[in-house]
1. Sequence-distant or interchain residues sharing an amide H contact under 5 Å with A:V47, placed H: which?
2. Ignoring GluC sites (Glu not before Pro) that are buried or in helix or strand per DSSP, and keeping those with at most 12 other beta carbon atoms within 10 Å, what is the longest stretch of chain A between them?
3. Which of the trypsin sites (Lys or Arg not before Pro) found in the range A:622-704 are loop residues per DSSP with 11 or fewer other Cβ atoms within 10 Å of their Cβ?
4. Determine Rg/Rh for the range A:447-570; Rg is computed over alpha-carbon atoms and Rh is the Kirkwood hydrodynamic estimate from the same atoms.
5. Got the relative contact order for the range A:294-440 handy, in percent, Cα pairs under 8 Å and 6 or more residues apart?
6. What list of ³J(HN,Hα) values in whole Hz, one per residue of the range A:124-131 in order, does the Karplus curve 6.51 cos²θ - 1.76 cosθ + 1.60 (θ = phi - 60°) give from phi, with Gly and Pro shown as x?
7. Given contacts defined as C-alpha pairs under 8 Å and at least six residues apart, what's the relative contact order of chain A, whole-number percent?
8. Could you tell me the center-to-center distance, by alpha carbons, between the range A:246-298 and the range A:108-137 in angstrom?
Amino acid sequence: MNPAAGNRVCPPSRFSAGWVSVTLGGIVALLAAGALGAIALHRGESVSSLWFIIAAVCLYALGYRFYGAFVAAKVLSLDPTRATPAERFDDGRDFVPTNKWVLFGHHFAAIAGPGPLIGPTLAAQFGYLPGTLWILIGAVLGGCVQDFVILFCSIRRNGRSLGQMARDELGPLGGAAALIGVMMIMIILIAVLGLVVVNAMKHSPWGTSTVAATIPIAMLIGLYMRYLRPGRVLEATAIGVALLLLSVWGGGVVDQHPTLRAWFDYDGPALALMIIVYGFAAAVLPVWLLIAPRDYLSTFMKIGTILALACAIIVLQPAVKMPAVSQFIDGTGPIFGGKLFPFVFITIACGAISGFHALISSGTTPKMIVNERDARFIGYGAMAMESFVAIMAMIAATVLEPGVYFAINSPPGVVGGDAAQAVAVISGWGFPVTVDQMQALAREMGERTLFARTGGAPSLAVGMASIFGNTFGGAALAVWYHFAIMFEALFILTTLSAGTRVARFMLQDMLGNVVPALGRTSWYPGVFLCSGAVVAAWGYFLYAGTRDPLGGINSLWPLFGIANQMLAAIALCVATTILIKSGVRTGRAHYAAITGLPLAWLVVVTTAAAWDKLFSPELRVGFLAHARDLGGKLAAGMLPPDGAAEASRLIFNDYLDAALAVFFLAVTWVLVIETARTCQAVLSGRVHAPINEAPYIPTRLAEV
Amino acid sequence: MARLWKFAGRFWRWLRAISGDDAYERYLAHHHHHHPDVPPLDRGGFFRREQERRWGKINRCC
């Protein structure tokens, strides 16, 4: 077939680079290769984190300049003369032509959540190399491409959402799978994020009081923006940020006060219950009072802290102390069980490839883009930047002494609940650490203990505190530590409350098809019922996680990773189908490999991980093996009476988690088979769902 | 120096646009352009309407 047939416009190809660009590209490529070589081949005491930064920035630049440009020009044929939905529907509300730098900021703020900070911190148990390579390669070839292609597809479809595109291109089954997938991932995500916050706050009066203070501060800002000075976002945010910083200091005062500190000293399950109550309140309270002001504050804190961290790492260039590859690639790691393959690819989802991004890249951002040409900058570029955040989290986790890292992150079920026992076990692995060292560190950070704070937030905060302390002034490590905890908890709780509210709307929407009254967002019984159902769902997993001796992260984080990669697989299924449908007309169907290959890899990884979580004989990996083991002990009467009650509960959780894994596996494969069927039909010229691209209308904006 | 001021001005405008601080001004401009015969909402009314709408969908990620 003639490659140009049926293709109306071939935009001026920006892929054909001049010699200057190629020479520059060559230099950047050499630099990237050198830096990666330094990281990968280093076998000395420690390697400077500057190599990570250089390797990452060079790879993103190369990926953006060459692969991104190739996708833009040859695969998607971006057309700068085509009017975008923002121009055609310009309604001043959803469809708003927005300056590309502003839109980049919006898009980045929307996609960058706590995920890229937590995943790499947990995956550092394999050593720094596997996680770093996956973050870099996964982002350049997978995540950035996914975000970019989905953004493009949605632009060409009037800004339709991922679920709608799945229904249009793959049929009703695809649409339903996407919808239920999104719902499930939100439940698991919220539960696991809640658990991370609980583990950071348990028995920490300073942390708890500071995080608690964020709630009245947000409400104050909400009232200010609604009644005192409507819509003055920047001044309200400035006041809020000042109050937040004050609350970090105030937490220290609370911590020193014997009566006050008792008010904020709680164990995990108690904190879990408080977060559940908070989540319910946030979902039913008016949005202006809590969620909206929280989001303004957390977005500013997030961007500000990430920028500060980047500057601090570049100035300080701390040495990475974790080995390149640790012995835990064999699956015996303390933080979560499971071998390097597939679990490093599940643990790090956000930062490498994250299905959740497809929800932002469709539906919201495409309605604001002025020109198709900018889709690469926004889709590919913002994901590269998020991936860079993941690299910084990896650096912050691996600059800690490995013994300290493992002492903070290992759950008591693995290393023992007693400090002396825990350091003995961890030192026995070859990562020396002492009780004195941990106590001194805890004192420095203003905590009573740092043992068994699984979840990534505390170890990241220790890493950030030492980086910030050494760059901007080392006197107040405790203040930096609690600043980092506050910063993480602030936007984790924002994600949690906004997520609960959105999940409530989605549930109301679904149930509204059956009982119309439940779909009405102003009918209070419906609102309370649906909010309650959503909160109960994630609340159950959260509460169970805080009482799990293996640390709830061990079971919940892999489930979250599988769910997120499943959503990415759905997005890539949609993208691949669209690329084949449009490519078959122009003889370029083979270019669908740019999303097809990442899709194949994700299907392999998700399937392997879900299979392991179900059937592995390892007790900390296989849900069913763990349930059988406990059941056997229970039947043999080997457990004390209260242990027996706990065992039945754990067995129930195992089966519940196993059911979820089966469900994710089933949804992924149903979608993949549906995609394969549709693509087969397209390629062999049989009847199939048509391509739904909006017709070409030339742009009338002058700047083209 | 003049360049620096220009850059600062551009950064300030970017900051206002990205945070939504200038949303009402943009709304007024849009409104006068597209519906000149309808009186626009006042500042408070506009933000009440916008916030409800903006928070009813997924706008944050993991």
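1. Sorted by chain and number, the residues that satisfy this are A:V320.
2. It works out to A:46-702.
3. Filter output for the range A:622-704: A:R686, A:R700.
4. Taking Rg over the Kirkwood Rh, I get 1.11.
5. Taking the mean separation of contacting Cα pairs over the length of the range A:294-440, I get 26 percent.
6. 5, 5, 7, x, 7, 6, x, x
7. Numbers: 1157 pairs, mean separation 169.6, N = 704.
That works out to 24 percent.
8. 27
Every read-out reported here was derived from the displayed coordinates using simple, explicitly stated rules and does not represent laboratory data. All of these numbers come straight from a predicted model, not from anything done at the bench. For neighbour counting, all protein chains shown are included, and Cβ atoms are generated from backbone atoms with ideal geometry for every residue, glycine included.
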